[in-house]
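Report on the following structure.
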Amino acid sequence: MLMVYGRKSAFNLQKVMWLIGELGLSHEHVELGGAFGGLDNSDFRALTPHGRVPVVVDDGFSVWESHSILRYLAARYGGPALWSDDPAERSLAERWMDWSQTALQPDFLNGVFWGFYRTPEGQRDMATVTDKMERTAQHLARLDSVLADRPYLLGETLSLADIPAGTCLYRYYNLPIARPELPNVERWYASLTERPAYREHVMVPFGDLYGRLDF
């Protein structure tokens, strides 16, 4: 049984759970972190030196860091469709994963979602938020260009490339902010919302996080 640790409302856990759902893996999910606590528990700290979620334990082997977990699950359970034996083929997805983590996620999740949505109105730095909104729009415009001739980032089928960036879209399209028209990204998002695993694990209401800087 695959054990999964982390909060359902946590962005990084949602990436992992979406892939688990796509793969149809039997698992047990333990809510941990934030209001659930448990990150300082000695048993949990034995699984990761950082005391952070998400963490998965598979047959006694623990894996931490969301993108490492995605790679592990794809390699072990995804087959050639998700994890090619060819390093060049794998790099096609991995570069989008790294781009999402180092470019899109800092500007959108940290800058817009936290800076605007999760920060109480009187404490918002709107100059920074506006800059992050513009940078997020620029990132998504690049995706819009890539998606002009394909349904998913790498072609006709879902891949690891879609998961980190695609997880951002539910929050992006449900924030009360101005957004540019990005028809290809909007089409991509619409197709993701039709996937049962995306609906279950990513489309998690987040209204309780509004104006909250704690977890």
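The values are calculated or read from the model by the stated rules, or taken from the named source; none is laboratory data. Everything numeric here is computed off the predicted structure, so don't read it as measured data. All Cβ positions, even for glycine, are placed from backbone atoms using ideal geometry, and neighbour counts span all protein chains on display.
Quick notes on this one:
- Of the candidates Glu200, Glu186, the single residue that is surrounded by 13 or more Cβ atoms within 10 Å (Cβ to Cβ), under 14 Å from the mean Cα position of the chain (by Cα) and either in the same structural domain as Gly34 (by TED's automatic domain parsing) or not in a loop (DSSP other than H, G, I, E, B) (or both) is Glu200.
- Boolean, Leu213 is buried (at least 21 other Cβ atoms within 10 Å of the Cβ) and more than 16 Å from Leu13 (Cβ to Cβ): no
- Applying the set (1) farther than 18 Å from Gln14 by Cα; (2) touching a residue at least 40 places away in the same chain (Cβ under 8 Å); (3) under 16 Å from the mean Cα position of the chain (by Cα) to Met133 leaves exactly one unmet item: (3).
- Neighbours by Cβ (under 6 Å, 6+ apart or cross-chain): first from the stretch 18-46, touching a residue at least 60 places away in the same chain (Cβ under 8 Å); second buried (at least 19 other Cβ atoms within 10 Å of the Cβ) and among the basic types (Lys, Arg): Gly33/Arg7; Gly34/Arg7
- Subset of the stretch 22-47 [among the polar types (S, T, N, Q), at pLDDT below 95 and in a loop (DSSP other than H, G, I, E, B)]: Asn41
- Taking the listed residues Gly34, Gly51, Gly6, the one that is in contact with a His (Cβ under 9 Å, 6 or more places away or on another chain) and at positive phi is Gly6, with no other qualifying.
- Among the candidates Leu92, Leu70, the residue that is within 20 Å of Cys168 (Cα to Cα), surrounded by fewer than 17 Cβ atoms within 10 Å (Cβ to Cβ) and modelled with pLDDT of 95 or more is uniquely Leu92.
- Within the stretch 120-150, restricting attention to residues that are in contact with a helix residue (DSSP H, G or I) (Cβ under 8 Å, 6 or more places away or on another chain) and not in a helix (DSSP H, G or I), the residue that is surrounded by the fewest Cβ atoms within 10 Å (Cβ to Cβ) is Asp125.
- One residue stands out among those in the stretch 117-174 that are of a type in the set (Gly, Ala, Ser) and more than 23 Å from Met17 (Cα to Cα): the one that is modelled with the lowest pLDDT, which is Gly122.
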